[in-house]
Every structure is written in structure tokens, then in C-alpha cells.
Amino acid sequence: MFDTLSDRLQAALGGLRGKGRLDEETVSKAMREIRLALLEADVNVEVAREFTATVKERALGEDVSRSLSPAQQVVKIVHEELTRLLGAGDSRLVFGKPPTVILLAGLQGSGKTTAAAKLALHLRREGKRPALVACDLQRPAAVEQLEQLGRQIQVPVYALDRVDPVAAARAGVDAARREGYDVAILDTAGRLHVDEALMDELERVAAATKPLNVLLVLDAMTGQEAVNVALAFQERVAFDGVVLTKLDGDARGGAALSVKAVTGKPVKLASTGEKLDQLEVFHPDRMASRILGMGDVLTLIEKAEAAVEADEQAELERRLRAGEFTFDDFLASSKMLRRMGPLQGIVKMIPGLGRQLQGMDVDERQLARVEAIILSMTPQERRMPHIITMQRRRRIAAGSGTSLDEVNKLMAARKQMAKMMKQLGKGRLG
Amino acid sequence: MSVSWAELLGDEPTAADEPERVGVFARLRDSLAKSRRALAAELQAAAFDPGDAEAWERLEEALIRADVGVPATAELVRRIEARGGASSLEDALVEEVRGLFGEPPRLRLDGKPSVILVVGVNGTGKTTTIGKLALKLNQHGRSVLVGAADTFRAAAEEQLEEWARRAGADFVGSPRGADPAAVAFDAVEAGRARGKDVVIVDTAGRLHTQANLMAELAKIRRVIAGRCEGAPHETLLVIDATTGQNGLQQARLFADAVEVSGVVLTKLDGSARGGVAIAIAYELGLPVTLVGLGEGIDDLRPFDAGDFARALVAG
């Protein structure tokens, strides 16, 4: 696959630090790479061009901070601008006189039905009383699918007309009102934005139910067409925001940027898995990193900076440089790691690593066992691992409720890490 | 000329094929004409000056806009440049795209029964494609059985059963949550016992990044291969034409898991041009076998690289 954007920029701009200001030549070179990265991420051609032009203006003449290389400085600016663009607008849903109607629309296969059920579950957990209304009478068994999902999450599904979607929508919303539900979520048939008849029908469903929230369901894997799709739906039903689906894949999701840029409508929710509770609020900064192919390296840096107190960090660094890595250090770093939040998430944020570790579980309990083993060592043992004999290992295993095998593995891991740290300390650290 | 179903299946042409020969290109062009942008304007030979760097840039951009992707676009442009100015730009592009796709597609259905395994990410149109394929095979004298090995998505079985009924095909289902490999096994067994010509196995949509689900798919394939000599005879990867560059990654990982033999490009009736198929052919050498041009049961067609390339640059 492609190198990361950071690597490519590094190659194009060189790693010189403290170059002073970003000059025309540097910025132009950088923008060519940024534009390619955006295109590879499926950002629309026109949007990519406009975006790089804006960023170029801002970057020109900007001071390069002393601690950064020009490439890093450019990445920082691009990331900030991308986050700003993606994050503008209110991502909350609007609620009014019950039942609040939420209409979901989109192309075939974008994930509307699943998104409808996820949204219902999400709202129920926030204390609302949602109902689902089946208006997809097009696809065979679409109503059955929604009914089955409704049963799974214990949300009622109204399928009151099997022929006319407008009648089904109206009757469903009326029924929700009568039976005291405060949100009615309308699942509509997938339709092509160029299909006049179906777009017309969608318009009539919206006119009949007056939704406070119209959401465009958009597959994160969508290519250049995202712009035309969004414009066509905007023209007909003036959607208020986007539900971005299938983000659990490895698509870079440039379509989200395209849609935001041409319609101004924010992404409100993101679907991150097949399970019905995997619907999240949208994080513009994460999306920016993803589009740029940088993992969440910036978030990670911030998190790390916030989690590790300064002197703690300095002391650890000193010891690492010296090539020491005792079990005390092991324990400290494990605790720091845990302070940063769920490990699974952290691992995903590291560029490159996310893909390698796909499908692999990072077991938090494993980390707890490691800590238990270390805590069963005497302070002396922790400082001087070489004194830990087989007899001591048995005692540690018994004391920590683990096995000799696990203790042995940890011993080996520490040794390996000490070796690695030593190399790092000699070389690039800092 | 377009590829007919008879050619795709290696049959003698019959009267049933004639209406298919005409109008496929017109139809494709017609649906693509709905697009707002006129690629043709960029590519008209008259407007193109090989010495004009901006003109080359516009060509590149037009291809990128069709989702061809950066590397395949660069390669196409390089090849067209290398040809010199002998032919019009459109002709040159059509020929180079054709060259990338190679020989016209064939569905290899020489088994008894032949097994077609259909795979892809969620929402690309696998089940719909199977319904239409079953009907077409039926119309061309093949008896068909479809097996619903999508035991994950709610109501997937009902959807396929409805399609099987419309297509006049036998149907083997399963309870939701059943082992999909077991369903595939049952379908192949039933197809053999009932003397069917073709067994089509539907699978649950899965993101190519889900390692455990991809392993499950590989198991389905192994079970099919173990039940029937030479099976699966075709493993078709269904890709939505609206998909961007992630389609390449999908093709790569599905090919790794189940030895994909061909691509079905669906939803070409929108304004999306499905250029990612070019990227897939260029980088992975995978051919496109079928295209989906609409919601009607007749809208599944054999892929024709020439038609596809012309539609790519049509206004």
C-alpha cells in the first residue's frame, strides 16, 4: 500500500528542523503530496483542489516551530484545517413536540436499515422512547429485516402499509404518537439519486411526516460520486446531517469530507461495527487523521502528554536512555498505558499498527495479570531482575495466582524490552 | 459489439440473445448521461492538444473523477502518451482500457453441478445479483439451486427465497445463526442429488478487514471444494460501482481469502462509473465478469470492456 502521508511529506520536504518560515516552494511541494493523499482517500477532485488552495494560503509564511520539521508543521496545519472543516456545524439531533420524526435516506446498500435500528437503540439508552417505521417496500424482505432488528432491541416496528411508502410513513408516525412514543425513525428504501420517481417519492414521504431530522446515510467507502449523491439528496430533502457507516473497515472515508464541503452538513453519527450498539458520535479530529492516513497519531500524542506527568516522563526517559528497564519501569509504563484509556483504542490509533493488529484482541485482563505478577515480586527483585531464580519464580507465580509459564514469559519479555529500549536510547529517542 | 449471455456461458447463440445485443451500450450511455458532468467535453479529440500540459491534467482528473485511482490513472495516461497522436484520445483510451481487462469474460460452468460462490462487503448487492443470475441461467437452459449461507443478516434468507421464487430456482435455506459452511454443504449436496446444473451460494456481507469473518469465508470455500470436484467453479466478488479506492483493498483481501475468479460491478445505473474496476484489473489482474445496470431482473449483463470504457468517457 501507500506510504503514510507523514513519510511522503518527510521525503518531499526533508527532515530539516527549524527552517524558519514555510516558503512558497516547500508549501507547493507539500500541497502536491496532500492533494494525492486526499485523492487516494476518495476526496472529490474539486474538493481536494479547493482544500489545498485554502491550506496553502494559511501555510505560506507560517513560522516553523522549533521542535518540528517542515513536514510535521505542514501535517499539523493540514490536520487542523481538516478537523475544523469536518467539525463545523451542530452535530446534535433536534427534538420537538413528540413524536420527533427522524428520516433516514440514502443509496441502496449504504446501511439505512441497520442504522435505523442502531439509532433507535442509541436513543432508548438516552432515555427516549423510540419507534421504528418501515417505509422500505422496495427491497424484498426489508420490512422483515427491520422487524427482526426491532425485536432484538425491543423497539416497536410499525409496518402499516405494504404498498405505498408515503401511507406507511404517515400511518407509522400517527401510530407512534397515539401509543406515546416520542421518536419515530423512518427507514426508507434505498434509491439512486438519479432516479426521478424514487426521489420524488422520498420528497413526498418527507412532506407527509415533517421530519425534524433528515439524515443521509453514507457508506464510508463511497468514491468520487459522493458529491453528486449528496447534492441530489440535498436538493430534494434538504438533509440536516450525515450518518457515516462501515467505518469499521479500512476505507479512508474521504467521502465524508466531500459531502461536508459541498453541502455544509455535518456528520452527526458514525457506525463502527456490525453490532447494534456500535453507533458513535462523530469525532472530526479522528476522521481528519484517518483521511490523511495518519492513524490518530496526533490524538495519541495528546493523550500521552496528558496522561504522563512531566517528571515521571523525564525520569523514565533518563532510565531508558541508560538502557535500564527494570520491572519497576515495566509497571510504571503499563500503568501509564492504562491511564490513556482502553488499550484496544490506543492500538488502533497508532499508524500502521492498526492494520497489523486487525482482528487481534488486546486483552486488558492480560495487562492486569502482568501487573499482578510484578506486584508479587519484592522491591529488590523488581530492581534487579537477574536475582530472580526458579524458586523465586514459583513463589511469584503462586503469589500472583498465575502460572510459572506466565512468569517465565514476562521475564523474557522484560529482557527483550530492555534490549529494545537500549537501542532506542542510543539512537533516536528525543 | 457487446458480449452476450450465450458468449459468457460458452453456448451457441440463440434467439433469446438477440435483444440483448442491441441497446446495451445505448442503455449504459443513457444511464450515465444522467451524470452532471460531461467527461466527453474534456476528452473530445478536437479540444485535446498533446503538447498542452493542462489537457493531460484534465484527462487525469477525469479519470480520477471516475474512481480509477491515482496509480491506474497514471499508468493509463502514460500508455496513451506513448501511443503518440495516431488515434483520437477517446479511441486510445478505449483501447488501453480494453487492453487492461484482457480477454472477454467467461463463466466457467463445466461441473455437474457447477458451483458459484458469491462474496463481498455489506450492501453491494450480492443477493440481488444472485437472483438475477439465477434467472438468466434459467433462461439459458440451466437448472439452478440457490443456497442461503448468509445466516447473519436479519431477513437475508427471506430476501433470497423471494428471488429464487422469481427466478424459478430451487432454494436451500437455514435457520438464522446456523453455520454458513454447513448450509453451503447442504446446498451443494442438494444440487448434486437433484441433478442441478448450477448451485449458487450466497454469503453474508463482511468487511474484508474482519479477519475472523474472512476465515469463515475461506472455510465455506474449503467445504464446497471438498464436496465437489473443481468447485467452486466461479468465485464472484460483488463490488458496488459507487465504491472508491477501498474497492481495491476489498478485491485484494477477498482474493487472498477465497481465490476470487471474477468481479461483478453493481449499481452502474447511477452516475458512478465504477472506475475502481480498472484499478483492480491493473493492480490485481482480476477480470470483471458481470455488471448490474438497474433494479430490473434483466439488468444483469455480461461485462464488455469496450462498452465500459466508452461509458467511462461518455457525457
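Residue under question is B:R78, and the condition is that it be more than 25 Å from the chain's Cα centre (by Cα), modelled with pLDDT of 90 or more and either under 30 Å from B:Q210 (Cα atoms) or in a helix (DSSP H, G or I) (or both); does it hold?
Considered against the rule, which asks whether it is more than 25 Å from the chain's Cα centre (by Cα), modelled with pLDDT of 90 or more and either under 30 Å from B:Q210 (Cα atoms) or in a helix (DSSP H, G or I) (or both), B:R78 comes out as yes.
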Exercise. Inspect segment B:101-114 for any residue being of a type in the set (S, T, Y) and farther than 20 Å from B:D197 by Cβ and give the result as yes or no.
Key: no
Practice problem: Identify all residues within segment A:232-248 that are out of contact with any His (no Cβ under 7 Å at 6 or more places or on another chain) and not aliphatic (A, V, I, L, M); write none if there are none. | Solution: A:Q234, A:E235, A:R236, A:F239, A:D240, A:G241, A:T245, A:K246, A:D248
Quiz item: What residue, of B:L248, B:L160, B:L253, B:L213, is farther than 29 Å from B:D67 by Cα, part of a helix (DSSP H, G or I), of a type in the set (A, V, I, L, M, F, W, C) and within 12 Å of another protein chain (Cβ to nearest Cβ)?
Solution: B:L160
Self-check item: Residue that is more than 14 Å from chain A (Cβ to nearest Cβ), assigned to a helix (DSSP H, G or I) and not aliphatic (A, V, I, L, M), where the choices are B:R142, B:R98
Solution: B:R98
Quiz item: Taking helices (runs of 4 or more DSSP H) that do not extend beyond segment A:165-270, which have at least 3 residues that are buried (at least 24 other Cβ atoms within 10 Å of the Cβ) and more than 10 Å from every other protein chain (Cβ to nearest Cβ)?
Solution: A:165-178, A:254-263
Exercise. Answer yes or no: is there a residue in segment B:95-102 that is surrounded by 24 or more Cβ atoms within 10 Å (Cβ to Cβ), in contact with a Pro (Cβ under 8 Å, 6 or more places away or on another chain) and over 26 Å from A:L192 (Cβ atoms).
Key: no
Quiz item: Does segment B:189-211 contain at least one residue that is of a type in the set (V, I, T), within 21 Å of B:P113 (Cβ to Cβ) and over 20 Å from the mean Cα position of the chain (by Cα)?
Solution: no
Exercise. Only residues in segment A:392-406 that are at positive phi count as the first member; pair them with residues that are among the charged types (D, E, K, R), Cβ under 9 angstrom, at least 6 apart or cross-chain, and list the lot.
Key: A:G401/A:R369
Practice problem: Of the conditions (1) touching a Ser or Thr at 6+ places or on another chain (Cβ under 6 Å); (2) under 18 Å from A:L39 (Cα atoms), A:A220 clears all except one; give me its number. | Solution: (1)
Quiz item: When only residues in segment B:85-139 that are more than 16 Å from the chain's Cα centre (by Cα) and polar (S, T, N, Q) count, which is nearest to A:E274 (Cα to Cα)?
Solution: B:S114
Practice problem: Looking at (1) farther than 21 Å from B:L237 by Cα; (2) crowded, with 18+ Cβ neighbours inside 10 Å, find the lone condition where B:G141 falls short. | Solution: (2)
Quiz prompt | Sole residue being of a type outside the set (K, R) and modelled with pLDDT under 75, chosen from A:L331, A:L337, A:L367 | solution = A:L337
Quiz prompt | Positions within segment A:31-71 being within 27 Å of A:L231 (Cα to Cα), more than 24 Å from the chain's Cα centre (by Cα) and among the small types (G, A, S), in sequence order | solution = A:A53
Practice problem: Only one of these is at pLDDT 95 or above and within 14 Å of chain A (Cβ to nearest Cβ): B:D170, B:D202, B:D150, B:D197. Name it. | Solution: B:D202
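Kindly indicate whether any position in segment A:168-180 is touching a Gly at 6+ places or on another chain (Cβ under 9 Å) and among the small types (G, A, S).
no
State yes or no: is B:G226 within 20 Å of B:E157 (Cβ to Cβ) and assigned by TED's automatic domain parsing to the domain that holds B:F254?
no
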Quiz item: Restricting attention to segment B:216-223, does a residue exist that is within 14 Å of chain A (Cβ to nearest Cβ), touching a residue at least 12 places away in the same chain (Cβ under 8 Å), closer than 30 Å to A:L137 by Cα and under 21 Å from the mean Cα position of the chain (by Cα)?
Solution: no
Practice problem: Give segment A:271-283 a look and list any residue that's surrounded by fewer than 20 Cβ atoms within 10 Å (Cβ to Cβ), touching a residue at least 40 places away in the same chain (Cβ under 8 Å) and away from every other protein chain (no Cβ under 14 Å), or say none. | Solution: A:D277, A:V281
Quiz item: Is at least one residue of segment B:270-289 surrounded by fewer than 23 Cβ atoms within 10 Å (Cβ to Cβ), part of a helix (DSSP H, G or I) and aliphatic (A, V, I, L, M)?
Solution: yes
Quiz item: Restricting attention to segment B:63-83, which residues are more than 9 Å from every other protein chain (Cβ to nearest Cβ) and hydrophobic (A, V, I, L, M, F, W, C)?
Solution: B:L63, B:V68, B:A72, B:A74, B:L76, B:V77, B:I80, B:A82
Practice problem: Would you be able to tell me the number of residues in segment B:107-127 that are of a type in the set (A, V, I, L, M), assigned by TED's automatic domain parsing to the domain that holds B:S261 and not in a strand (DSSP E or B)? | Solution: 1
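The values are calculated or read from the model by the stated rules, or taken from the named source; none is laboratory data. Since we're looking at a predicted model, the values are computed, not measured. Here Cβ is always computed from backbone atoms with ideal geometry, including for glycine, and neighbour counts include all displayed protein chains.
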